[in-house]
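The values are calculated or read from the model by the stated rules, or taken from the named source; none is laboratory data. These numbers come from a predicted model, not from an experiment. Neighbour counts are summed over all protein chains in view; Cβ atoms, including those assigned to glycine, are modelled from backbone coordinates with ideal geometry. Each accessible area value is taken on the protein alone, full model and side chains, heavy atoms only, with ligands, DNA and RNA left out. Shrake-Rupley method; radii C 1.70, N 1.55, O 1.52, S 1.80 Å.
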Amino acid sequence: MIRVEDVNIHLGEFTLRDINLAVDKNEFFVLMGPTGAGKTVLLEAIAGLVPCKRGTIHIRDKNVTKMPPEKRGVSIVYQDYALFPHLTVRKNIEYGLHFQKIDRGEAGKRFNRLVEILDLGHLLKRLPLNLSGGENQRVALARALMVNPPVMLLDEPLSALDPGFREEIRNILKGLHTNSNVTFLMVTHDFADALSLADRAAVMNDGIIEQTGSMSDIFQRPNSTFVADFVGMKNLFDVDFNGTTASIGELQIELGRIPDNSHGYIAIRPEEIVLSKERLASSMQNSFAGTIRCVNDRGFFYEIEIVLNNVTFRSLITKRSFFEMGISEGMDIAFAFKSTAIHYF
Amino acid sequence: MVKKELFFWITISCAIIILAFILLPLIEMLTAPSFSMLKEAFNDKDVMRSIRLSIYTAGLAALISFIFGTPLAYLLARNDFIGKRFVESIIDLPIVIPHPVVGIAILSVAGKNHWIGQLFAELGIRIMGSVTGIVTVLTFVGLPFYINAVKNGFESISPRLENVSRSLGASMFSTFFRITFPLAWRSMFIGIIMCSARAISEFGAVVIVAYHPMIAPVMIYERFEGYGLKYSQPVAVWLVSICLALFLILRILTLRNRKEI
């Protein structure tokens with residue numbers, strides 16, 4: 001549906017290098033990465049709002065690299081909604097109809113359907129200025145979908161919203177994607193949003209794509225330290241591999257399989273590290289004991305930092321087990337993790 | 001109550017001095033002419049003709065600035081290019097050049113010794129001593145005020161609105177007329193007022209290019225030179241009233257604008 005090949009872009013301080021991306025029809029594809037990675041620039045390049053220095057962009061098997069934005073058949077939705085402030089909600093939603101050849105009856109039906117799905121009926125006569133963030137974003141979605149675009153480009157549509165609205169818009173996006181045959185390409189810096197919405201994703205950093213794959217691939221098998229850190233792999237170690245073990249200094253960790261390189265990294269999600277007061281005699285291959293260096297309150301969880309041979313492990317435990325175990329800083333604790341919980345690259 | 005510091009009293013004193021400095025001469029001038037003299041000036045065909053000409057030429061200068069300045073202001077607001085600062089300083093030049101120099105500069109291009117002047121002469125366009133000349137001069141001095149006001153207006157409109165409009169199928173022209181123009185019209189209106197207010201007040205450049213037909217500032221100068229202060233005041237009062245009216249509209253508009261945001 002969307003095919004980006006060897007695209008290079010120079011725009012002010014942004015430089016995108018050799019971007020390759022393929023989004024399938026009806027897919028919900030997410031472009032992740034920290035602020036300043038160049039995600040929005042890439043999105044705007046696909047929309048035709050930013051020129052490519054090199055490379056080609058195909059949409060629906062048509063080379064659109066040199067086409068103006070209005071001919072590409074993509075709708076864009078921005079984080080700040082970008083509603084036309086001088087037009088009412090109704091006029092905003094109907095804006096695209098001026099430029100599309102759409103049968104009136106069909107347009108009316110679609111309008112009513114979108115207004116119903118997005119619950120905008122009571123807002124039609126209002127100006128965007130007086131709407132809440134969630135309402136604004138619903139209007140922006142309706143406006144974009146009104147022209148029945150084959151491709152929807154979403155630029156951090158959830159980032160500016162309060163948590164309540166965020167959840168709501170996330171569910172709406174999910175529903176819209178399931179019930180339409182529109183291809184969604186969404187940019188976000190939030191991994192949780194990506195996890196709940198995307199079929200596949202790409203992680204961008206500093207103008208290049210670090211990894212592309214299914215959400216579970218990226219989550220389970222990050223291929224670089226950057227991606228691992230980005231997806232929340234708090235335990236990331238520089239190691240030497242020897243057979244099925246990985247060594248961090250003197251510490252030996254059992255991988256249960258042989259990696260194909262002799263030096264690399266291992267990553268363990270903090271929730272995979274299990275704590276106990278006594279050393280566990282369980283099936284976990286990696287069982288250690290260390291000292292708790294510090295305890296961080298993370299809302300529903302506590303993040304516990306454990307030091308062993310100058311190596312720091314981070315574990316997440318629930319508040320309940322925190323109190324049950326009577327954890328305090330400076331105490332000795334046993335911890336363990338399965339070899340299958342270890343990701344190496 | 002907290003005792004006010006010396007700093008506070010200094011700021012207040014300066015404010016009072018400045019307000020008095022601006023207002024005293026103006027009030028004195030406005031109240032000096034008697035009602036009968038004002039009425040006499042109002043009935044004086046020459047005076048009213050000069051004021052009408054002032055408004056007409058200043059209005060034309062503003063219209064020309066609007067037509068040619070708007071695209072340029074848009075270009076400057078939306079694009080970054082090498083030499084943009086340079087272009088912006090060129091646009092600001094008419095503000096800093098001494099007024100008689102403006103007149104002389106325009107005459108040196110429009111005169112018989114320059115090919116542009118010769119071309120104009122062949123086409124039957126006269127700059128020296130004509131309404132065309134006055135409008136040329138007023139446009140020259142008023143343009144920067146229009147362009148700067150409208151450039152700021154365009155800059156305050158998010159380019160994302162235009163991006164969305166285009167992604168929904170609108171061409172650049174449609175986008176400009178449906179989105180950008182309606183959102184920028186207020187700044188254009190303010191630009192027109194700034195430009196014409198500046199144009200109405202121009203004297204130095206006009207007097208060199210066209211002493212006749214006489215615009216109001218030249219008329220005031222002539223009355224002052226020929227008959228003295230007393231006879232120039234009524235004309236000045238009428239002119240100032242018009243300038244104040246323009247300024248008042250400007251203030252009301254900007255205040256209303258702020259309330260909406």
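Evaluate region B:185-200: report whether one residue or more is away from every other protein chain (no Cβ under 13 Å), among the hydroxyl-bearing types (S, T, Y) and touching a residue at least 24 places away in the same chain (Cβ under 8 Å).
yes
Residues to consider are B:F21, B:F35; find the one that is aromatic (F, W, Y) and at pLDDT 95 or above.
The match here is B:F21.
What pairs come up if the first residue lies in region B:84-95 and is under 15 Å from B:G69 (Cα atoms), the second is assigned to a helix (DSSP H, G or I), and their beta carbons are under 6 Å apart, counting only those six or more places apart or on different chains?
Final answer for the pair search is B:I91/B:P144; B:I91/B:I147; B:D92/B:P144; B:P94/B:F140; B:P94/B:V141; B:P94/B:P144.
Do we have A:I93 as within 13 Å of another protein chain (Cβ to nearest Cβ) and touching a residue at least 60 places away in the same chain (Cβ under 8 Å) here?
no
For region B:76-122, what are the residues that are part of a loop (DSSP other than H, G, I, E, B), closer than 30 Å to B:P159 by Cα and small (G, A, S)?
Scanning region B:76-122 gives a single hit, B:G83.
List pairs: first residue in region A:321-345 and on the phi > 0 side of the Ramachandran plot, second residue of a type in the set (S, T, N, Q) anywhere in the structure, Cβ distance under 7 angstrom, at least six positions apart or on different chains.
Here the result reads A:G330/A:T291, each pair linking region A:321-345 to a residue that is of a type in the set (S, T, N, Q).
If we only count strands (runs of 3 or more DSSP E) wholly inside region A:271-338, which ones have 2 or more residues that are under 20 Å from A:G249 (Cα atoms)?
A:286-298, A:301-308, A:311-318, A:332-337
This table checks each residue for (1) under 30 Å from A:R17 (Cα atoms); (2) crowded, with 21+ Cβ neighbours inside 10 Å.
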site	(1), (2)
A:I57	yes, yes
A:V74	yes, yes
A:L87	no, no
A:E94	no, no
A:F99	no, no
A:D103	no, no
A:R110	no, no
A:E116	no, no
A:L120	no, yes
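With at the interface with chain B (Cβ under 9 Å from one of its Cβ atoms), touching a residue at least 12 places away in the same chain (Cβ under 8 Å) and more than 19 Å from B:G169 (Cβ to Cβ) as the only criterion, which of A:P68, A:P34, A:P51, A:P85 stands out?
Step by step, each of A:P68, A:P34, A:P51, A:P85 is checked, and only A:P85 is at the interface with chain B (Cβ under 9 Å from one of its Cβ atoms), touching a residue at least 12 places away in the same chain (Cβ under 8 Å) and more than 19 Å from B:G169 (Cβ to Cβ).
Take the residues in region B:182-204 that are of a type in the set (G, A, S) and assigned to a helix (DSSP H, G or I), then tell me which one is surrounded by the most Cβ atoms within 10 Å (Cβ to Cβ).
B:A199
With the condition kept exactly as written, say whether any residue in region A:150-159 is open to solvent by 10 Å² or more (accessible area, probe 1.4 Å) and at pLDDT 90 or above.
The answer is yes, given that some residue of region A:150-159 is open to solvent by 10 Å² or more (accessible area, probe 1.4 Å) and at pLDDT 90 or above.
What residue, of A:F313, A:F230, A:F301, is at pLDDT 85 or above and open to solvent by 20 Å² or more (accessible area, probe 1.4 Å)?
A:F301
Please verify whether region B:135-142 includes one or more residues that are among the small types (G, A, S) and closer than 25 Å to B:R186 by Cβ.
yes
Inside region A:134-147, can you point out the residues that are open to solvent by 10 Å² or more (accessible area, probe 1.4 Å) and farther than 17 Å from A:M186 by Cα?
Once the filter is applied, which keeps residues that are open to solvent by 10 Å² or more (accessible area, probe 1.4 Å) and farther than 17 Å from A:M186 by Cα, region A:134-147 yields A:E135, A:N136, A:V147.
So for region A:277-293 (the condition being farther than 18 Å from A:R221 by Cα, of a type outside the set (K, R) and in contact (Cβ under 8 Å) with a residue 60 or more places away in the chain), does at least one residue qualify?
no
Inside region A:171-205, can you point out the residues that are crowded, with 18+ Cβ neighbours inside 10 Å and not in a strand (DSSP E or B)?
Once the filter is applied, which keeps residues that are crowded, with 18+ Cβ neighbours inside 10 Å and not in a strand (DSSP E or B), region A:171-205 yields A:I172, A:L173, A:L176, A:H177, A:V182, A:H189, A:F191, A:D193, A:A194, A:L197, A:A198.
Just for region A:10-57: of the residues that are touching a Phe, Trp or Tyr at 6+ places or on another chain (Cβ under 6 Å) and outside any strand (DSSP E or B), which one is modelled with the lowest pLDDT?
Among residues in region A:10-57 that are touching a Phe, Trp or Tyr at 6+ places or on another chain (Cβ under 6 Å) and outside any strand (DSSP E or B), the one modelled with the lowest pLDDT is A:G38.
Looking at the structure I just gave you, is A:R143 within 23 Å of A:L42 (Cα to Cα) and either touching a residue at least 12 places away in the same chain (Cβ under 8 Å) or out of contact with any helix residue (DSSP H, G or I) (no Cβ under 6 Å at 6 or more places or on another chain) (or both)?
yes
What about B:G117, is it over 23 Å from the mean Cα position of the chain (by Cα), over 21 Å from B:P71 (Cα atoms) and either away from chain A (no Cβ under 13 Å) or at pLDDT below 95 (or both)?
yes
What are the residues in region A:37-48 that are away from chain B (no Cβ under 14 Å) and not aliphatic (A, V, I, L, M), if any?
Selection gives A:G38, A:K39.
So in region A:252-270, with the set limited to residues that are open to solvent by less than 10 Å² (accessible area, probe 1.4 Å) and assigned to a strand (DSSP E or B), which one is farthest from A:S216 (Cα to Cα)?
For region A:252-270, the residue satisfying everything is A:I253.
Can we say B:I91 is within 14 Å of another protein chain (Cβ to nearest Cβ) and either at pLDDT 95 or above or exposed (fewer than 11 other Cβ atoms within 10 Å of the Cβ) (or both)?
no
Look at A:I273 and say whether it is β-branched (V, I, T), more than 29 Å from the chain's Cα centre (by Cα) and open to solvent by less than 40 Å² (accessible area, probe 1.4 Å).
No, not satisfied.
Of B:I157, B:I179, B:I125, which residue is within 14 Å of chain A (Cβ to nearest Cβ) and part of a loop (DSSP other than H, G, I, E, B)?
Only one candidate passes the filter, namely B:I157.
Being open to solvent by 40 Å² or more (accessible area, probe 1.4 Å) and under 16 Å from A:L49 (Cβ atoms) is the filter; apply it to region B:160-175 and report the residue that is farthest from the other protein chains (Cβ to nearest Cβ).
B:M172
Out of curiosity, is B:I220 surrounded by 21 or more Cβ atoms within 10 Å (Cβ to Cβ) and closer than 22 Å to B:I95 by Cα?
Here the answer is no, as B:I220 does not meet what is asked.
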